[in-house]
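Colleague: I'd like to ask some things about the structure below.
Nothing in this text is a laboratory measurement; each read-out follows from the coordinates by a stated rule. All of these numbers come straight from a predicted model, not from anything done at the bench. No Cβ is skipped: glycine too gets one built from the backbone with ideal geometry, and neighbour counts run over all protein chains shown.
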Amino acid sequence: MTKNKPKLHFSRKLLAIPYGLFLAFFVVVPLLIIIYYAFTDDAGKFSLDYVKYFFSENGDSFWDFFTSSNFRTIMRSLFISLASTAICLLIAYPVAYIIAKSKLKNKSMLLLLFIVPMWVNFVLRINALKELLQFIGIYNRSNGWNIFNTILGMVYDFLPFMILPIYTTIIKIDNSYLEAAKDLGATGARAFTKITLPLSKAGIMSGVSMVFLPSMTNYVVSNYLTYSNVKIVGKLIDDYFMGDLWHDGSFIALVLLLFMFLVTWLTGGFKADEITETRGTSLW
Amino acid sequence: MKKKFSAALGICLLLCSSSFTACNLPGLGSFNENVLRVASWDEYIDMGGEVYADEDAEDFIAWYYETFGIELNENTKPLYEEFVDWYHREYKDKEGYKEDFEKVEYVALQDNETMYNKIKMGDQYDLLCPSEYMAIKLKNEGRLQAYSADFFEKSNPLNYYAQNLSPYVDSVLSNPNVGLKEYLAGYMWGTTGFVFNPDKIGKTKEESREIMSSWHCMTTSECARKITAKDNARDSYFMGLGMYYEETLLALDKNATNYASELARLMNDTTPQTVNGVRECLRDMRENIYGLETDEAKTDMIMGWLDASYQWSGDAVFILDEAESESNLELEYSIPSSASNIWFDGWVMMDGADEHISTAFINFLSLPQNVVRNMYYIGYTSCMAGNEVYQYADYSYGDENGDAEYSLSYFFGEEYAPLTVSSNQLRRQLFAQYPDEETTKRLVVMKPFEHEDNERVNRMWINIK
């Protein structure tokens, strides 16, 4: 029976087809649509009118940008993202390190404790957090508290995304490096800064981009936790689309995209020469 | 390679998340011969089942059985499913009967704008239930199909819609200014106004009522950080117009022949100069209020965490009911004394729809027993009048020992006697469901903004909020 079955000849290239199609339909095409809307008017002609509106409400001056609400929204998002990422990193690194280095047999159980919250729908979690903030009495109390609550929500939401990649890199660091360092007289702290930290850089970078980028756009958190009093870039785009201003919305989406490209590039996301260094320690 | 892959994946995820959250694009559908495709914003048809298993429903179920002789329980099917049997029973042997008609596909969309975006992307439905402004917009873009004269013919025994439509709603819908006469079959209607706690705004209840009868309550110190506005450009702009034009509106002569048209003109004004004036009003409002919301304020009002909120009347009724039962709060509903909004949600046929089945469906929904079921389930006020609907209002709000009379003859017809109710209902649920005739005179239909005005208003609002 089996002998008669025609043999399937797979080349490795063929295996890339599904992903190629996925890439084309869900990345390239939408991107082209966004670019198209950003630089055309309703008649479908090339136009920079909507680019102007990005810089000021009336579209008459580029210099008004620095006093415009779009600028304030972008700066606010940037601040929230940076703060959330920094706090996530400060919390996640020690946690990942401790779990990775723990002598416990069931480390994965420890890790699980941090991952389990991810299994609960995040809108539910954010709603629960809202109730908690209301109970404590800092919910929508002032603008300062609102920013604080947004950052808190982002950290709460994205912390596992920071812990996981760092944990995976640390656990894969060859212990003999550390032993060698100790043999050569390095203190624990020195061994950490000279070996563990540099070798876990890939995890940090990955974690940073996993937290920084979504926290620019995840407006569910800012909306729920501040009674829509804190507006971030993601919400801005949504507002434009809901207001039937697709061209404005597309241009901001494009700006955001370029921005994210920049961040990915800066965190080394596109570097090919790191392959050897991170082989076996890559994640996701 | 792996790095590249993860970078590409990262960007891809971001793209997906930003584009999907921004415009929400599930699969598109198209017309189907034996299926009636129906969409509304929000869940807008009685879904049966659980709602009738609830203890709170017992009283209603008993009244319903007494009135219609029909039993409701947890096995009651959604109305749109019941339609199929009804259709085959009632329309058999009638002209145009479709033997192969199978089912109704019903979709509840998030809001009018989502509905519009889906249609713009090519989604097709036989029947849509947008709000009036979206219906006008769709009509102006040539996406709708008019009902034939037969549908409005009262003499046809199956035309329940034509027979039961309230004379008041009919007069508003027939207004050539609105321009929806042959295109829209009214479904639910209501006003916008303020739900508030009279004990928490001013020093006395009277003072609170006084404050809440003006659009300027949004900017007064009494309401500072106690009140919410709606997170959308239309409602906020309307509110801004109310503040901007309040003195002008109050100075109008209510008995003048051009009062209605003047009211409509002012409350639909989108000239650049007015937009600039409204911007200042809304900016003051934005600094004064507790926040913008789409749905959250309902819970907050019910729990007593919030003291006032700008709401649609249907939601106001829900809030008033729940606040009373959950938190023992006696909230009130007010409609600003200068002018306010009257809104409609109604059935329109998309161009290319199956008119026969579509109109049969609307007639089915207009049967008194179904009107009442929908009103109970949704909590909004139906555009349908008729004896049983009047009885339902009496059942809901009537009070034999009441100290006030409330006339609804403008809505149901001259032959209907005033309801005897307790006087607090004149400021509460009954007033929210059926405003009195005097109030209806200052209600304005808010038309969709013309293209350029829409951009101007939306940009202004997005920049302020």
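Colleague: Suppose R0 equals 22 Å; then what is the FRET efficiency for residue B:337 and residue B:177 from their Cβ-Cβ distance, rounded to the nearest 0.05?
Modeller: Using R0 = 22 Å, I get an efficiency of 0.45.
Colleague: I would also like to ask the following. Inverting the mean 1/r over all pairs of different Cα atoms, compute the Kirkwood radius of segment B:143-259 and quote it in Å.
Modeller: When all Cα pairs of segment B:143-259 are included, the Kirkwood radius is 18.0 Å.
Colleague: Here's another thing I want to ask about it. To the nearest 10 degrees, how steeply does helix A:122-136 sit against the main Cα axis of chain A, on a 0 to 90 scale?
Modeller: 80 degrees
Colleague: Looking at segment B:156-310, what % of its DSSP beta bridges pair antiparallel, to the nearest 5? Don't skip to the end; give the middle numbers.
Modeller: On the way: 3 of 8 bridges.
The answer is about 40 percent antiparallel.
Colleague: Could I ask something else about it? Tell me whether chain A comes out rounded, prolate or oblate; compute the Cα gyration tensor, take square roots of the eigenvalues as a ≥ b ≥ c, and use a/c under 1.5 as the rounded threshold.
Modeller: In terms of gyration-tensor shape, oblate.
Colleague: If only Cα atoms are counted, what is the Rg of segment A:76-242, and what is its Dmax, in Å?
Modeller: Gyration radius and largest Cα-Cα distance of segment A:76-242: 18.6, 64 Å.
Colleague: Turning to a different aspect of this structure: Extending each Cα 7 Å along its Cβ direction at residue A:119 and residue B:224, get the distance between those two points in nm, one decimal.
Modeller: Between residue A:119 and residue B:224, the label points sit 4.9 nm apart.
Colleague: Next up: With a cut-off of at most 15 other beta carbons within 10 Å, and DSSP calling the residue loop, which trypsin sites (Lys or Arg not before Pro) in segment B:157-222 qualify? Please list them.
Modeller: Details: sites: B:181, B:200, B:203, B:205, B:209; in loops: B:181, B:200, B:203.
Answer in residue order: B:181, B:203.
Colleague: With the convex hull built on the Cα atoms of segment B:304-381, state its orientation-averaged projected area in nm².
Modeller: Quarter of the Cα hull surface area: 7.8 nm².
Colleague: Another question about this same structure. I'd like the Kirkwood hydrodynamic radius of the protein assembly as shown, using the inverse of the mean 1/r over distinct C-alpha pairs, in Å. Intermediate results must be reported in sequence, preceding the final value.
Modeller: Working: mean 1/r = 0.0342 Å⁻¹.
Value: 29.2 Å, from the Cα pair sum.
Colleague: Anything over 31 Å Cα to Cα? Flag those among B:181/B:230; A:235/B:205; B:118/B:254, in the order listed.
Modeller: On the way: B:181/B:230 29 Å; A:235/B:205 39 Å; B:118/B:254 42 Å.
Beyond 31 Å between Cα atoms: A:235/B:205; B:118/B:254.
Colleague: Expressed in nm to one decimal, what extension gain is obtained for the pair residue B:54 and residue B:77 from 0.36 nm per residue of sequence separation less their Cα-Cα distance?
Modeller: Additional length available on full extension: 6.8 nm.
Colleague: Another question, if that's okay. I need the Debye-formula profile for segment B:62-124: one equal scatterer per C-alpha, no solvent, reported as log10 I(q)/I(0) at q = 0.13, 0.24, 0.30 1/Å, two decimals.
Modeller: Taking Cα atoms of segment B:62-124 as identical point scatterers yields -0.64, -0.98, -1.19.
Colleague: May I pose another question? Under the Kirkwood approximation for Rh and a Cα-based Rg, what ratio Rg/Rh is obtained for segment A:71-126?
Modeller: Expressed as Rg/Rh, it is 1.14.
Colleague: More than 22 angstrom separation, counting every C-alpha pair in segment B:99-171; what % is that? Spell out each step's value before the answer.
Modeller: Numbers: 1066 of 2628 pairs.
Cα-Cα pairs in segment B:99-171 separated by more than 22 Å: 41 percent.
Colleague: What length, rounded to one decimal in nm, is gained on full extension from residue A:28 through to residue A:172, with 0.36 nm per residue of separation minus their alpha-carbon distance?
Modeller: Result: 48.4 nm gained on full extension.
Colleague: Also, quick follow-up: Stokes-Einstein diffusion coefficient for chain B at 25 °C in a medium of 0.890 mPa s, Rh from the Kirkwood formula over Cα pairs: what value in µm²/s?
Modeller: Working: Rh = 23.6 Å.
Translational diffusion coefficient: 104 µm²/s.
Colleague: How crowded by other chains is B:112-125, given as the mean number of beta carbons from other chains within 10 Å of each beta carbon?
Modeller: Counting other chains' Cβ atoms within 10 Å and averaging over B:112-125 gives 1.
Colleague: Using only Cα atoms, tell me the angle between helix A:233-242 and the longest principal axis of chain A; keep it within 0 to 90° and round to the nearest 10.
Modeller: For A:233-242 against chain A, the angle is about 40 degrees.
Colleague: At 25 °C and a viscosity of 0.890 mPa s, what translational diffusion coefficient does Stokes-Einstein give for segment A:98-175, taking Rh as the Kirkwood radius over Cα pairs? Give it in µm²/s as a whole number.
Modeller: 169 µm²/s
Colleague: Same structure again: If you rank A:152, B:292 by fewest surrounding Cβ atoms within 10 Å, what's the result?
Modeller: Lowest count first: A:152, B:292.
Colleague: If you don't mind, there's one more thing I want to ask. What's the extension gain from residue B:351 to residue B:68 if we count 0.36 nm per residue and subtract their Cα-Cα distance?
Modeller: Additional length available on full extension: 98.3 nm.
Colleague: In nm, to one decimal, how far is the residue B:404 label point from the residue A:109 one, both placed 7 Å along Cα→Cβ?
Modeller: 6.6 nm
Colleague: What value, in deg cm²/dmol to 500, does the helix sum -39500 (n - 2.57) over DSSP H runs of n ≥ 4 give at 222 nm once divided by the residues of chain B? List each step's numbers first, then the result.
Modeller: On the way: 20 runs with 211 residues, N = 465.
Estimated from H runs of four or more residues: -13500 deg cm²/dmol.
Colleague: Can you give the percent of C-alpha pairs in segment B:259-323 whose distance is more than 13 Å?
Modeller: Details: 1490 of 2080 pairs.
Value for segment B:259-323 (Cα pairs over 13 Å): 72 percent.
Colleague: Moving on. Work out the FRET efficiency for residue A:41 and residue B:204 from their Cβ-Cβ distance, taking R0 = 35 Å, and round it to the nearest 0.05. Intermediate values should be presented prior to the final figure.
Modeller: On the way: r = 56 Å, r/R0 = 1.60.
Once the sixth-power term is evaluated, E becomes 0.05.
Colleague: While we're looking at this one, here's another question. Per the Kirkwood treatment, what hydrodynamic radius in Å, one decimal, follows for segment A:179-266 from the mean inverse distance over all distinct Cα pairs?
Modeller: 16.1 Å
Colleague: Okay, moving on. For segment A:134-182, what's the radius of gyration and Dmax over Cα atoms, in angstrom?
Modeller: Looking at segment A:134-182, its Cα Rg and Dmax stand at 19.1, 54 Å.
Colleague: Give the average, rounded to an integer, of partner chain Cβ atoms located within 10 angstrom of each Cβ in A:240-251.
Modeller: Mean partner shielding for this stretch: 6.
Colleague: Would you mind telling me the antiparallel percentage of the DSSP bridges in the protein assembly as shown, rounded to 5?
Modeller: Of all bridge pairs located within the protein assembly as shown, approximately 60 percent are antiparallel.
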